[in-house]
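This report refers to the structure that appears directly beneath it.
The values are calculated or read from the model by the stated rules, or taken from the named source; none is laboratory data. Here the structure is a predicted model, which means the values were calculated and not measured. Cβ sites come from the backbone with ideal geometry, for glycine too, and all protein chains shown count toward neighbours.
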Amino acid sequence: MPKAKHPKIGYVRLSPRRLAGRWLAIYRYPETGQRVQLTIKAQSQSDAEQQAKVINREILAKRVGQGRVVNDDLTVGQAFERTISGSGGNLTTRGGYTSAVNLFLRWLGVNYPAARVWSSVKTDMVRSYVMHCHRELKLSRPGVRSRLLVIKMASRYWMQNEPDKYRDFAAPVKLPKDETNPLARAERERAKALSAADARALLEFLRERRPDLYGPAMLQTLCGLRVLDPSSTVRFWKFFCVSDVQSRN
């Protein structure tokens, strides 16, 4: 018997979407009748079916009373698991995501033990975790970024799939400044304007070597203009003079 075009895995029915690598998973919770549509990323039908099996196991666990959560909310672990399954990454990439998630879950359980469901994870918690990685673990900027990547990915994933229920809480979280980079620190501490002696030396150099730039540079120095302002002023003045001559003629 040929394989069904839209396979059904337990409670979950799959159908391919027009966009390549996207499948629509449709299912109902047997106790409440709530209908759910979820877009998942899958490179093949077999990959989509594996993800459907994960969803089906969660539905069955709720039905028999195992792993029940308040208001049918996802646990933090379930949210990450489904995000990684739908990421479309290879085994190595998904393994890296899983390792980063396990480290975050361990930290979350110690510092915020009440944050057990996905809707309870807040922006300030993620910021605290980033600072923990930066200050206490002394991770490099790329190291902190790799820890934060999967959190941001999951936060965005659930906001896009269930916008009425979840928000992208990790979007406002930024990486800390790299204070160990001497070049970046020197650039921040460097004065943003030329001193009077520097400006005088620059004008003398332009007068001797680039007289065509001497006038605009002097205007810029005296009036505090930005780099492109003098050229705009010169173009406007030329246009004004030509228009005046034409009007007189």
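Quick test for you: out of 148, 175, pick the one residue that is surrounded by fewer than 16 Cβ atoms within 10 Å (Cβ to Cβ), modelled with pLDDT of 75 or more and either more than 30 Å from residue 106 (Cα to Cα) or out of contact with any Pro (no Cβ under 8 Å at 6 or more places or on another chain) (or both). Residue meeting the stated conditions: 175. Among the residues of region 153-169, is there at least one that is within 18 Å of residue 101 (Cα to Cα), at pLDDT 85 or above and not in a helix (DSSP H, G or I)? Checked region 153-169: at least one residue is within 18 Å of residue 101 (Cα to Cα), at pLDDT 85 or above and not in a helix (DSSP H, G or I).
Note on region 97-118: residues that are more than 19 Å from the chain's Cα centre (by Cα) and touching a residue at least 24 places away in the same chain (Cβ under 8 Å) amount to 7.
The criterion of being modelled with pLDDT of 90 or more and hydrophobic (A, V, I, L, M, F, W, C) holds for residue 100. Has region 66-76 got at least one residue that is under 22 Å from residue 116 (Cα atoms), at pLDDT below 85 and of a type in the set (Lys, Arg)? Checking region 66-76: at least one residue is under 22 Å from residue 116 (Cα atoms), at pLDDT below 85 and of a type in the set (Lys, Arg).
If I filter region 91-148 down to residues being aromatic (Phe, Trp, Tyr) and part of a helix (DSSP H, G or I), which single residue comes out as nearest to residue 176 (Cα to Cα)?
Residues of region 91-148 that are aromatic (Phe, Trp, Tyr), as a first pass: 97, 104, 107, 112, 118, 129.
Subset that is part of a helix (DSSP H, G or I): 97, 104, 107, 118, 129.
Details: 97: 21, 104: 18, 107: 19, 118: 25, 129: 12 Å.
Here the answer is 129.
Contact map, region 139-151: first residue assigned by TED's automatic domain parsing to the domain that holds residue 79, second residue surrounded by fewer than 16 Cβ atoms within 10 Å (Cβ to Cβ) and in a helix (DSSP H, G or I), Cβ cut-off under 7 Å, separation 6 or more or different chains; pairs are 147/103.
Filtered by the rule that a residue be part of a strand (DSSP E or B) and either among the aliphatic types (A, V, I, L, M) or surrounded by 13 or more Cβ atoms within 10 Å (Cβ to Cβ) (or both), region 17-57 gives 22, 23, 24, 25, 26, 27, 28, 36, 38, 39, 40, 41.
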